[in-house]
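Some notes on the structure that comes next.
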Amino acid sequence: MSISFKIRCRYFIWAVIFGSCLYVSTPISSFAQNLRYGLGFSSFEVVQEKRTSLNLSPFKNLFFSNGFSLSFNMFLHAAPEYNFGYVFRIIGKNNQHLDFLATPDKLTVVNSEDKVLADVPISEASRNFSDFFLFQLDLDIKSNTLKISIGGKEFSNKIPSLESFNEVGIFFGKCNHPQYLTSDVPKMIIKDIRINNIDKDSVYYWKLSKHVKDGVYDELKNQFAKVENPQWLLDTYAFWNKKISFKTLRNPQIAYNSDDNTIAVADRRSFFVYKPLTNNLLQNYYSSGFVHSDSPNQLVYNPLDSTYYSYCFSRTDGSNVASYNVSNHSWNNNNFREINKEFWHHNRFFSRKEDCIYLFGGYGQHQYKNIVNKYSFKTGKWEKLQFRDEQIPPRYLSGLGVIDENRILIFGGYGSISGQQFLSPKNYYDLYQVNIPDLTVRKIWEMEPPKDKFAISNSMIVDTLNKCFYALCFPQNQYETTLLLTKFSLQKPGYEVVSDSIPFYFNDILSYADLFQNKKTGELYAITFSALPTDSLSTVSIYSLVFPPLEQIDVYQHINNMLGLGNSRFLFIVICTFLVITSLFVYLYLRKKKIKYQIEQENESTIDPLTGAGKEDATIAGKDREINKKQAIILFGGFKVKDKEGVDKSREFTPMLRQLFLLILLNTFDEDRRGISSIELDDTIWPNRNHITVKNTRSVMISMLRKLFENVGQMNIELVNSHWIVKLSDDIYCDYSKALSYMQNLKNGENRKKEEVMKLLNIVSSGELLPDIQVEWVDSFKANFANELIDLLLEVSKRKEYAFSPTELISIADTLLIYDVLNDDALKLKCKSLIKIGKNGLAQTTYNSFVKQYKILFGDQYKYTFSQIIS
């Protein structure tokens, strides 16, 4: 059988397996139960096409022989203009249907004859729109009884035609049923949809919390419900919501008002106030006065006197502070000062105890700063101070977080030890605690610089309860970039990216980013602005995220099986399963033929390249051969993962899962890389795909990998220093890791042992690295490993101190030929060794086979004769 045919079969097998596994996912995992969840419905605030629909039966109707019970929790918007439309429609046979309607003043259930079956004022059901209320419908076909409960009020009706509802379609919100098209949808939130049979046994439960891209699965039978235009409450923890964008003059000043939770933005001309709760922006033009300067960011809110202050600080031109009168929209400063800016992107902290502000660091006049400037609102005076104990190197673009009134954190930034811009500037990744007011400093930790460098937005959010802090990070060496909300540990170096990204255009002193938190609701606000040097305007954008932030993987479902997807997809899976089984038979046949051929070759030689022929070769293969270990990851001779019982679990890896795992694993063991960045990983596996979609897919698949390894041992995939790595506990054996370890020891040249050579052969003689993985990026790993192994084995085979026997040298040669079938040195080594043990004919056969293969592959005659080879 030709090599090309084997390769084609292999590609066919994995293509089929990949296609059939596109619909496979993993079991649902738990998450914090105190998070808000539910499905929000877009109503009359958007056009008909963008209103929300939820179809519990998108592929076929739901069947209940004796009836069913439907219940859910519901929340209505307080604005009466949105309280109109269909909450749900239950559509049975014979044109029978039940409709749950909302009007501005009441909730009503009617049947297909427009008979009112239940009628409740909204105010009684919704408790003045302050909470969810329960709806329940019990439909008993045997007794022809329909019971309805709305917000605690119960109704019961005898209806003779209920047998038409033993097979139903159920639609919430906009209905796309061809006979019952409706787009009138009340603005509402639905959650916890339950369907029981008439005996109260649970049949379906759609929590409406975690979900998939275009719908949600119930948590009992994986019944798929299709959703259009969803507003998932859980997504507000993982995806930034862009609240507003507006134009200002260049370099506006920004401050957060903690009293009424508003964001103030001041430029030379006007004062903006944004109210996140109502999404309302007010702009007031100044009646008189100016902010002091346009040097971000020099606006602060003083909660002690409910006043905004614009400050201006310069080492050479003095310092001043102006206050803003909210009632008449004026500043008590009549001059806009164009000074030599020296403290761009400094950090600031307002102290309630002292009624003052502290300014830390900054940049200007080609210098990074580490002095502390303090302004007292009581005395109206500035002071220049210094850190005590440990010093914080000069920097800007660092983040400041408040632990409490007496302690703050300063993290990261960009600067240099000398403070001079031209003397070795770098990014910092150190965390300091500063005590107020004595300014004593304690360094908490410092982490290794990540491959992808980043700076920090001006403020950070400290979560002392969970011993962590959050910061917006971005690469300061790019203009068109993104902000990533990142979670850092307070106790040790380490971080993880949470939520999705925010577009950010960083133009150094012409741009700014900050992070605030509403202490009442916990909601996070990110604010950015940027301008080009030639622009006179800046674009300010404000985003919100519900706290605590979630990774995107935490909002997506992972389903065991897909039988609830309907006949079409079920048929697809059956067909793909058949193709997979057929392909596996082809693969096993080829494998069997290959093994049979190898056995015939070995019988001819009477020499086993793994076990040898004498006592001196017992070190190569014995009772404790490492590749037979349980709890193992095997890469040589084919990808395998063995669990704690020694069962091969590799079939549970879809081609994409396997590729993702191997890409991270191989890069983890690469000494020059020590992992792979998210960008490299995504570009390798999902090239030319939307980065948000890819990030979601990556997160889901990493979760699936962790789940697969639960029965294997302790394995985790972590993001360390912006690089994904695989961490394996000692109970998991990895042949690739062991091989690299032996190779490294043998390369060092000190205390090299023959035993390590034989153990290395024991591993790598099983077959080439990942022969069953045929993707382009793997080839470089295969080639690099093969080159290093060949060079190493050829070198050690010549070392006299090892005193290799002829059969051991034959094993080395056979291993070399696995990784380079036409290696001249391996041929010489094998032929000479065979002659030494009296196998002259076999040496000639080995040479002839080599020459024949050389002719096939190169189309030319091999240049060395047998005599030249053995001489």
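LYS213: within 25 Å of THR108 (Cα to Cα), within 32 Å of the chain's Cα centre (by Cα) and modelled with pLDDT under 95, yes or no? Criteria not met by LYS213. Answer with yes or no whether TYR286 is more than 30 Å from VAL46 (Cβ to Cβ) and either charged (D, E, K, R) or modelled with pLDDT of 95 or more (or both). Here the answer is no, as TYR286 does not meet what is asked.
Taken across the range 160-170, residues that are closer than 19 Å to ASP119 by Cα, surrounded by 15 or more Cβ atoms within 10 Å (Cβ to Cβ) and either in the same structural domain as VAL227 (by TED's automatic domain parsing) or in contact (Cβ under 8 Å) with a residue 24 or more places away in the chain (or both) do not occur at all. For the range 189-220, the set of residues classified as on the phi > 0 side of the Ramachandran plot, assigned to a loop (DSSP other than H, G, I, E, B) and touching a Phe, Trp or Tyr at 6+ places or on another chain (Cβ under 7 Å) consists of LEU208 only. Within the range 83-98, the set of residues being over 19 Å from PRO160 (Cβ atoms), of a type outside the set (S, T, N, Q) and out of contact with any Phe, Trp or Tyr (no Cβ under 6 Å at 6 or more places or on another chain) comprises PHE84, GLY85, TYR86.
Could you check the range 128-148 and list, in sequence order, the residues that are assigned to a strand (DSSP E or B) and touching a residue at least 24 places away in the same chain (Cβ under 8 Å)? Residues satisfying the conditions are PHE133, LEU134, PHE135, GLN136, LEU137, ASP138, LEU139, ASP140, LEU146, ILE148.
Yes or no: THR464 outside the structural domain of ILE679 (by TED's automatic domain parsing), within 18 Å of ASN347 (Cβ to Cβ) and exposed (fewer than 14 other Cβ atoms within 10 Å of the Cβ)? No: the conditions fail for THR464. Note on the range 121-151: residues that are closer than 18 Å to ASP105 by Cβ and in contact with a strand residue (DSSP E or B) (Cβ under 8 Å, 6 or more places away or on another chain) amount to 11. All conditions but one from (1) surrounded by fewer than 17 Cβ atoms within 10 Å (Cβ to Cβ); (2) on the phi > 0 side of the Ramachandran plot apply to GLU446; the one that does not is (2). Among the candidates TRP331, TRP344, single out the residue that is closer than 20 Å to ILE417 by Cα and assigned by TED's automatic domain parsing to the domain that holds ARG269. Of the residues listed, the single one that is closer than 20 Å to ILE417 by Cα and assigned by TED's automatic domain parsing to the domain that holds ARG269 is TRP344.
Table: residues versus (1) within 28 Å of LEU465 (Cα to Cα); (2) modelled with pLDDT under 95; (3) part of a loop (DSSP other than H, G, I, E, B); (4) hydrophobic (A, V, I, L, M, F, W, C).
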| position | (1), (2), (3), (4) |
| --- | --- |
| TYR375 | no, yes, no, no |
| VAL402 | yes, no, no, yes |
| PHE422 | no, yes, yes, yes |
| TYR428 | yes, no, no, no |
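The residues on offer are THR815, THR846, THR807, and the sole one that is surrounded by 15 or more Cβ atoms within 10 Å (Cβ to Cβ), touching an Asp or Glu at 6+ places or on another chain (Cβ under 8 Å), not assigned by TED's automatic domain parsing to the domain that holds CYS734 and not in a loop (DSSP other than H, G, I, E, B) is THR807.
Among the residues of the range 430-455, the ones that are farther than 24 Å from PHE504 by Cβ and part of a loop (DSSP other than H, G, I, E, B) come to 5 in all.
How about the range 354-366: which of its residues are in a strand (DSSP E or B) and over 15 Å from ASN427 (Cα atoms)? The answer is CYS356, ILE357, TYR358, LEU359, PHE360, GLY364.
When you check LEU510 against the structure, is it among the aliphatic types (A, V, I, L, M), under 28 Å from ILE725 (Cα atoms) and in contact with a strand residue (DSSP E or B) (Cβ under 7 Å, 6 or more places away or on another chain), yes or no? Considered against the rule, which asks whether it is among the aliphatic types (A, V, I, L, M), under 28 Å from ILE725 (Cα atoms) and in contact with a strand residue (DSSP E or B) (Cβ under 7 Å, 6 or more places away or on another chain), LEU510 comes out as no.
Residue-level analysis places ARG625 outside the set of residues that are touching a strand residue (DSSP E or B) at 6+ places or on another chain (Cβ under 9 Å) and either at pLDDT below 80 or surrounded by fewer than 16 Cβ atoms within 10 Å (Cβ to Cβ) (or both). Scanning the range 461-491 for residues that are more than 16 Å from the chain's Cα centre (by Cα), charged (D, E, K, R) and not in a loop (DSSP other than H, G, I, E, B) yields ASP463, GLU480. Only one of the numbered conditions (1) modelled with pLDDT of 90 or more; (2) surrounded by 14 or more Cβ atoms within 10 Å (Cβ to Cβ) is not met by ASN787, and that is (2).
Take the conditions (1) under 40 Å from the mean Cα position of the chain (by Cα); (2) under 22 Å from PHE68 (Cα atoms); SER183 misses just one of them, which is (2).
So is ILE392 at pLDDT 90 or above and either in the same structural domain as ALA513 (by TED's automatic domain parsing) or part of a strand (DSSP E or B) (or both) or not? Yes. For the range 849-859, a residue qualifies if it is under 21 Å from SER871 (Cα atoms) and without any contact (Cβ under 8 Å) to a residue 12 or more places away in the chain, and the qualifying residues are SER849, VAL851, LYS852. Of the strands (runs of 3 or more DSSP E) lying entirely inside the range 222-323, those carrying at least 2 residues that are buried (at least 22 other Cβ atoms within 10 Å of the Cβ) and over 36 Å from the mean Cα position of the chain (by Cα) are 307-314. For the range 501-518, does any single residue satisfy the condition of being under 17 Å from the mean Cα position of the chain (by Cα) and under 22 Å from VAL265 (Cα atoms)? Yes, the conditions are met somewhere in the range 501-518. The residues of the range 111-167 that are closer than 21 Å to ASP192 by Cα, small (Gly, Ala, Ser) and touching a Lys or Arg at 6+ places or on another chain (Cβ under 9 Å), listed by number, are ALA125, GLY151. Taking (1) crowded, with 16+ Cβ neighbours inside 10 Å; (2) assigned by TED's automatic domain parsing to the domain that holds LYS649; (3) in contact (Cβ under 8 Å) with a residue 24 or more places away in the chain; (4) part of a helix (DSSP H, G or I) in turn, VAL796 satisfies each apart from (2).
The values are calculated or read from the model by the stated rules, or taken from the named source; none is laboratory data. Note that the coordinates shown come from a computational prediction; the quantities given were computed from them, not determined experimentally. FYI the Cβ positions are ideal-geometry reconstructions off the backbone, even for glycines, and counts take in every protein chain you see.
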